[in-house]
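Quick notes on the structure that follows.
The values are calculated or read from the model by the stated rules, or taken from the named source; none is laboratory data. Note that the structure is predicted; figures quoted are calculated from it, not measured. Cβ placement follows ideal geometry from the backbone for every residue including glycine, while neighbour counts extend to all protein chains displayed.
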Amino acid sequence: MQITILMILSFSFLIHGTASDACRDRLRTRACKNLLRNYRLKGIEGCKWKSVKSICALTCNSCVVKPKCALETSKYGCCWDKKTEAKGFYGEGCPECTDRYPKYCQRRMSILSTKRACDERGKAYCPKSCGVCRLRAPAQSIQDCLFSPHGCCWDYSEAEGPNGEGCMECRDQYPNVCTLWYDFCDPGALKYKVLRQSVEFIKANCPVTCKKCQPGQRLLKSSRNLNERL
C-alpha cells in the first residue's frame, strides 16, 4: 500500500495544468495504465476513485474524445454518423447510409412505435430506417467565409483579398477524364462502394463538369466583398 501511495504522490508532480475540458490523460497514458494495473493487482478498481478518474480520464473511459470533424477547424463537418469527417459539403466521403441489421430493423420498425423503435439503440443499429442518415454533412465553413472581409471562394474557402484574391480559379483539372466520367457527378453514384474512390476523385477534380462553378469563376456568386455589402 505504501508503494501505491508513493506512486500517486510521484505522479502528482508530473501533472501539468489543472482540470481541462479536453478528454485526455493528465499523465502519460503509459503511466495511467501502470497505475491502474497496480491497483488491479491489489484487487482494487482504480477508475472508481474520483482522483484517478480525474488524472486518467481517457484511460478510464470517463470522458468522450471529440471527433476531429466536430472541431471548428473541420472544413466540412461530420457525416451523419457524427464521427467521420466529410470531404465535401454534400456528404462526399461519408459512409453509405444502411442499416447494420436490415432484417432486425424491419421487424423492429413493424412491431414498435417509431419513437420506441428509434431510441438510442435503434438509431445505432438502424440509421437508415430511423432516418438518421438522410441529412447531409453540415457545411460548417460556409457561414464563416460569407461574413469574412472578402467573402467566399467558389469552393467555400475564404478569399484572401478583393475580387477573389487567393481563390483557385474554377476549372476541371483533367478535362478529358471529366468529360468521359461525368456520370460520377451524380450524387447517386456514391451508393456503389466499389466506385466510391473514383466518384470522389471526379467530384473533387471536375468542378465545372459537376456544375459546382463556372469556368474561370473565383468568388461564390452569393458572396461579395464586405465593402460592397456595407
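Points to keep in mind about this one:
- Region 25-53, subset surrounded by 15 or more Cβ atoms within 10 Å (Cβ to Cβ) and small (Gly, Ala, Ser), residue modelled with the lowest pLDDT: Gly46
- Any hit, region 172-181, residues being at pLDDT below 85 and outside the structural domain of Cys97 (by the TED database): no
- Cβ pairs under 8 Å, 6+ apart, first in region 144-167 and at pLDDT below 85, second assigned to a loop (DSSP other than H, G, I, E, B) and of a type in the set (Phe, Trp, Tyr): Cys145/Tyr156; Tyr156/Phe89
- Some residue of region 165-182 being aliphatic (A, V, I, L, M) and surrounded by 19 or more Cβ atoms within 10 Å (Cβ to Cβ): no
- Assessment of region 103-112 against the conditions (surrounded by 18 or more Cβ atoms within 10 Å (Cβ to Cβ), hydrophobic (A, V, I, L, M, F, W, C) and under 30 Å from Ser157 (Cβ atoms)) yields no matching residue.
- Scan of region 155-164 for residues that are surrounded by 12 or more Cβ atoms within 10 Å (Cβ to Cβ) and among the polar types (S, T, N, Q), ordered by number: Ser157
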